[in-house]
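**Q** Could you have a look at this structure, given as structure tokens, before my questions?
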Amino acid sequence: NAGVTQTPKFQVLKTGQSMTLQCAQDMNHEYMSWYRQDPGMGLRLIHYSVGAGITDQGEVPNGYNVSRSTTEDFPLRLLSAAPSQTSVYFCASRNTPGQGQYEQYFGPGTRLTVT
Amino acid sequence: AQTVTQSQPEMSVQEAETVTLSCTYDTSESDYYLFWYKQPPSRQMILVIRQEAYKQQNATENRFSVNFQKAAKSFSLKISDSQLGDAAMYFCAYRSADWGETSGSRLTFGEGTQLTVNP
């Protein structure tokens, strides 16, 4: 298993540009999430999904869109990038109840800089 | 809403010695999970140890152990025989035991503690 993969690893955008951060997992996990990590603030939840076709907002959803058309993929879209979205972004997935494991599996992260 | 606080932005320890990282949390729930994650310079988030709130026994994983004080809402991480490879940012995290859609995917993180290991 590749686990959770994210692309790209690094990205520089200009203010107002749009882009999609890709996330994929091959563990057949129903739950997937996006977090952003900022210095001194830990990781904060942006959006999450409990299965294909179902998404919901987390703690800091403004400026981001998500969709979940398949179990494997959970892309994060920035429609009009702002400097405040400069951060490191992590995608995570976890098992559903009954599968015996509780931990979240994290991707390697994407470092995004908006100038 | 739950909150997690790590009051030590930075800690340092000599190689082979023991260090304790602090974490406190606030919740009105009675059943939940607590985690310590390690983040080395590679940025990868690595699960170090997990504690279920309903268990009174403190979790242990090799050189890593926790001191879980449920009434005090405290969850500290002890690293024994510290090694150079332990140098990293450490995050304490909380998750509800409710597997429902609104909370089951949410991990609430502390601010992190940067651990330096001196040779």
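**Q** Is it true that some residue in the range A:30-45 is farther than 19 Å from B:Phe109 by Cβ and touching a residue at least 40 places away in the same chain (Cβ under 8 Å)? Don't jump to the end; show me each part of the working.
**A** First, the residues of the range A:30-45 that are farther than 19 Å from B:Phe109 by Cβ: A:30.
Checking which are touching a residue at least 40 places away in the same chain (Cβ under 8 Å) leaves us with A:30.
Checking the range A:30-45: at least one residue is farther than 19 Å from B:Phe109 by Cβ and touching a residue at least 40 places away in the same chain (Cβ under 8 Å).
**Q** What are the residues in the range B:75-85 that are buried (at least 17 other Cβ atoms within 10 Å of the Cβ) and either among the hydroxyl-bearing types (Ser, Thr, Tyr) or over 15 Å from B:Gln8 (Cβ atoms) (or both), if any? Outline the logic, then answer.
**A** Step one: of the range B:75-85, the residues buried (at least 17 other Cβ atoms within 10 Å of the Cβ) are B:75-77, B:79, B:82.
Within the range B:75-85, B:Ser76, B:Ser82 meet the criteria.
**Q** I've got another one for you. Since B:Ala72 meets every condition but one in (1) among the small types (Gly, Ala, Ser); (2) surrounded by 14 or more Cβ atoms within 10 Å (Cβ to Cβ); (3) at pLDDT 95 or above, which condition does it not meet?
**A** (2)
**Q** Looking at the range A:72-105 only, could you name the residues that are at pLDDT 95 or above and over 28 Å from B:Arg50 (Cα atoms)?
**A** A:Pro75, A:Leu76, A:Arg77, A:Leu78, A:Ser80, A:Ala81, A:Ala82, A:Pro83, A:Ser84, A:Gln85, A:Thr86
**Q** Kindly provide the set of residues from the range B:1-40 that are among the charged types (D, E, K, R) and either surrounded by fewer than 15 Cβ atoms within 10 Å (Cβ to Cβ) or at pLDDT below 95 (or both), ordered by number. Break it down into steps so the answer makes sense when it comes.
**A** Narrowing the range B:1-40 to residues among the charged types (D, E, K, R): B:10, B:15, B:17, B:26, B:29, B:31, B:38.
Hits for the range B:1-40 are B:Glu10, B:Glu15, B:Glu17, B:Asp26, B:Glu29, B:Asp31.
**Q** Still on this model: I'd like to know if the range A:19-28 contains one or more residues that are modelled with pLDDT under 95, out of contact with any helix residue (DSSP H, G or I) (no Cβ under 6 Å at 6 or more places or on another chain), closer than 19 Å to B:Tyr94 by Cβ and buried (at least 16 other Cβ atoms within 10 Å of the Cβ).
**A** Checked against the condition, which is being modelled with pLDDT under 95, out of contact with any helix residue (DSSP H, G or I) (no Cβ under 6 Å at 6 or more places or on another chain), closer than 19 Å to B:Tyr94 by Cβ and buried (at least 16 other Cβ atoms within 10 Å of the Cβ), the range A:19-28 yields no hits at all.
**Q** Can you name every residue in the range A:32-45 that is at pLDDT below 90 and more than 7 Å from chain B (Cβ to nearest Cβ)?
**A** Residue satisfying the conditions is A:Pro39 alone.
**Q** OK, next. If we keep just the residues of the range B:24-45 that are within 13 Å of B:Phe75 (Cβ to Cβ) and among the polar types (S, T, N, Q), which is nearest to the chain's Cα centre (by Cα)?
**A** Of everything passing the filter in the range B:24-45, B:Thr24 is nearest to the chain's Cα centre (by Cα).
**Q** Ok, one more. Quick one: in the range A:46-93, of everything that is among the polar types (S, T, N, Q) and in a loop (DSSP other than H, G, I, E, B), which residue is farthest from the other protein chains (Cβ to nearest Cβ)?
**A** Within the range A:46-93, the subset among the polar types (S, T, N, Q) is A:49, A:55, A:57, A:62, A:65, A:67, A:69-71, A:80, A:84-87, A:93.
Subsequent filtering for residues that are in a loop (DSSP other than H, G, I, E, B) retains A:62, A:67, A:69-71, A:80, A:86.
On the way: A:Asn62: 17, A:Ser67: 16, A:Ser69: 18, A:Thr70: 17, A:Thr71: 14, A:Ser80: 26, A:Thr86: 15 Å.
Checking each candidate, the answer is A:Ser80.
**Q** Moving on to the next point. Of all residues being under 16 Å from B:Cys92 (Cα atoms) and out of contact with any Asp or Glu (no Cβ under 9 Å at 6 or more places or on another chain) in the range B:44-63, which is nearest to the other protein chains (Cβ to nearest Cβ)? Just the residue, please. Lay out the reasoning, then the answer.
**A** Applying the first criterion (under 16 Å from B:Cys92 (Cα atoms)) to the range B:44-63 yields B:44-53, B:58-61.
Filter once more, so that each one left must be out of contact with any Asp or Glu (no Cβ under 9 Å at 6 or more places or on another chain): B:44-46, B:51, B:58, B:60-61.
Numbers: B:Gln44: 6, B:Met45: 4, B:Ile46: 8, B:Gln51: 11, B:Asn58: 17, B:Thr60: 17, B:Glu61: 12 Å.
Ranking the qualifying residues of the range B:44-63, first place goes to B:Met45.
**Q** Next up: Select from the range A:21-36 the residues that are more than 18 Å from A:Val60 (Cβ to Cβ) and assigned to a strand (DSSP E or B) and write down the one among them that is nearest to the chain's Cα centre (by Cα). Can you show your working first?
**A** Initial filter on the range A:21-36 (more than 18 Å from A:Val60 (Cβ to Cβ)): A:22, A:24-31.
Adding the requirement that they be assigned to a strand (DSSP E or B) leaves A:22, A:24-25, A:31.
Details: A:Gln22: 8, A:Ala24: 10, A:Gln25: 11, A:Tyr31: 12 Å.
The residue in question is A:Gln22.
**Q** I need the full set of residues from the range B:105-114 which are more than 10 Å from every other protein chain (Cβ to nearest Cβ) and in contact with a Leu (Cβ under 7 Å, 6 or more places away or on another chain), in order please. Let's see the steps before the verdict.
**A** First, the residues of the range B:105-114 that are more than 10 Å from every other protein chain (Cβ to nearest Cβ): B:113-114.
If the condition is that a residue be more than 10 Å from every other protein chain (Cβ to nearest Cβ) and in contact with a Leu (Cβ under 7 Å, 6 or more places away or on another chain), then B:Thr113 is the only one that fits.
The values are calculated or read from the model by the stated rules, or taken from the named source; none is laboratory data. Quick caveat, the model's predicted, so the values are computed rather than measured. Positions of Cβ are generated from backbone atoms using ideal geometry, with glycine treated the same way; all protein chains shown enter the neighbour counts.
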